[in-house]
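For reference, the structure discussed in these notes is given below.
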Amino acid sequence: MFLGTVRDDDDVTGIEYSAYDDMALAEITRIVDEARGRWPEARVTLQHRVGLIPVGEASIAIAAAAPHREEAFAACRFVIEEVKQRLPIWKKELRGDGSEKWVEAHDHR
């Protein structure tokens with residue numbers, strides 16, 4: 001299982017995630033289906049939160065189960081890397097000084 005949390009980087013106090021739900025859910029389905037196709041014995045799921053997520057809280061959860069841990073770890077890594085590249089969820093960092101910054105797709109960490 002992988003839990004991605006909001007980090008306390010650069011005075012970030014939270015991240016506001018927004019999405020077009022139908023588009024995001026369709027892409028989540030495609031990503032999970034691709035993982036299941038590559039690792040057919042693995043069971044994979046993911047959930048991504050939207051709205052304001054404070055520092056320290058999880059914004060994404062990915063779970064993968066398989067008969068062998070190598071397959072589960074590989075499927076989980078595949079899913080998070082694909083999510084970072086493809087999922088149409090936008091994030092705005094909120095900072096302690098009251099400023100905000102939209103994070104570009106290439107800035108995903």
**OP:** State whether one or more residues within the stretch 36-47 are among the hydrophobic types (A, V, I, L, M, F, W, C), under 15 Å from the mean Cα position of the chain (by Cα) and under 27 Å from Ala72 (Cα atoms).
**Re:** yes
Original post:
Out of curiosity, is Glu71 outside any strand (DSSP E or B), open to solvent by less than 30 Å² (accessible area, probe 1.4 Å) and acidic (Asp, Glu)?
Top reply: no
**OP:** Check whether at least one residue in the stretch 79-92 is open to solvent by 70 Å² or more (accessible area, probe 1.4 Å), in contact with a strand residue (DSSP E or B) (Cβ under 7 Å, 6 or more places away or on another chain) and touching a residue at least 24 places away in the same chain (Cβ under 8 Å), and report yes or no.
**Re:** yes
Original post:
Do you know which residues across the stretch 93-103 are in a loop (DSSP other than H, G, I, E, B) and surrounded by fewer than 13 Cβ atoms within 10 Å (Cβ to Cβ)?
Top reply: Gly96, Asp97, Gly98, Ser99
Original post:
Residue check, Glu41 against (1) at pLDDT below 95; (2) open to solvent by 70 Å² or more (accessible area, probe 1.4 Å); (3) farther than 13 Å from Ile89 by Cα, all met but one. Which one?
Top reply: (1)
Original post:
Do we find that Thr13 is among the hydroxyl-bearing types (Ser, Thr, Tyr), out of contact with any helix residue (DSSP H, G or I) (no Cβ under 8 Å at 6 or more places or on another chain) and part of a strand (DSSP E or B) in this structure?
Top reply: yes
Original post:
What strands (runs of 3 or more DSSP E), lying completely within the stretch 27-68, carry at least 1 residues that are among the hydroxyl-bearing types (Ser, Thr, Tyr)?
Top reply: 43-48, 58-65
Subject >> Sole residue being farther than 15 Å from Val103 by Cβ and either in contact with a strand residue (DSSP E or B) (Cβ under 6 Å, 6 or more places away or on another chain) or of a type in the set (Asp, Glu) (or both), chosen from Glu70, Glu16 >> reply: Glu70
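The values are calculated or read from the model by the stated rules, or taken from the named source; none is laboratory data. All figures in this text were calculated on a predicted structure; none of them were measured in a lab. So basically every Cβ, Gly included, is an ideal-geometry build from the backbone, and we count neighbours across all protein chains shown. These area figures cover heavy atoms from the full protein model, side chains too; ligands, DNA and RNA do not enter into them. Shrake-Rupley method; radii C 1.70, N 1.55, O 1.52, S 1.80 Å.
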